[in-house]
Amino acid sequence: MSLSDKINNKAEDLGGKAKEAAGNVTGDDDLKAEGKGDQLAAGLKDAANDVKEAVGDAVDKVKKKFGN
């Protein structure tokens with residue numbers, strides 16, 4: 001995951017937290033839910049990247065073990 005992807009995910013997460021907080025303050029359940037959805041999307045992107053990196057690391061270890 002590139003640095004810009006990480007920054008965009010963090011921005012999406014923070015934006016979601018802001019929407020959720022605004023929804024709480026104003027009593028706007030739709031805005032609150034949208035904020036939670038944004039946070040969930042950012043979290044899923046981060047989790048997918050973690051899996052991708054772990055698989056890549058495992059592949060690298062196997063390659064080194066077999067001298068490729």
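Residues in the range 40-53 that are closer than 12 Å to M1 by Cα and not basic (K, R): 7 in all. Within the range 1-23, restricting attention to residues that are in contact with a Leu (Cβ under 9 Å, 6 or more places away or on another chain) and free of Cβ contacts under 8 Å to residues at least 24 places away in the same chain, the residue that is most open to solvent (accessible area, probe 1.4 Å) is K19. In this structure, is G37 open to solvent by less than 50 Å² (accessible area, probe 1.4 Å), touching a residue at least 24 places away in the same chain (Cβ under 8 Å) and within 12 Å of the chain's Cα centre (by Cα)? So G37 fails the test.
The values are calculated or read from the model by the stated rules, or taken from the named source; none is laboratory data. Just so it is clear, the structure is predicted and the values come from calculations on it, not from any experiment. Please note: Cβ atoms are built from the backbone with ideal geometry, for glycine as well, and neighbour counts cover all protein chains shown. Accessible surface areas use protein heavy atoms only, side chains included; no ligands, DNA or RNA. Shrake-Rupley method; radii C 1.70, N 1.55, O 1.52, S 1.80 Å.
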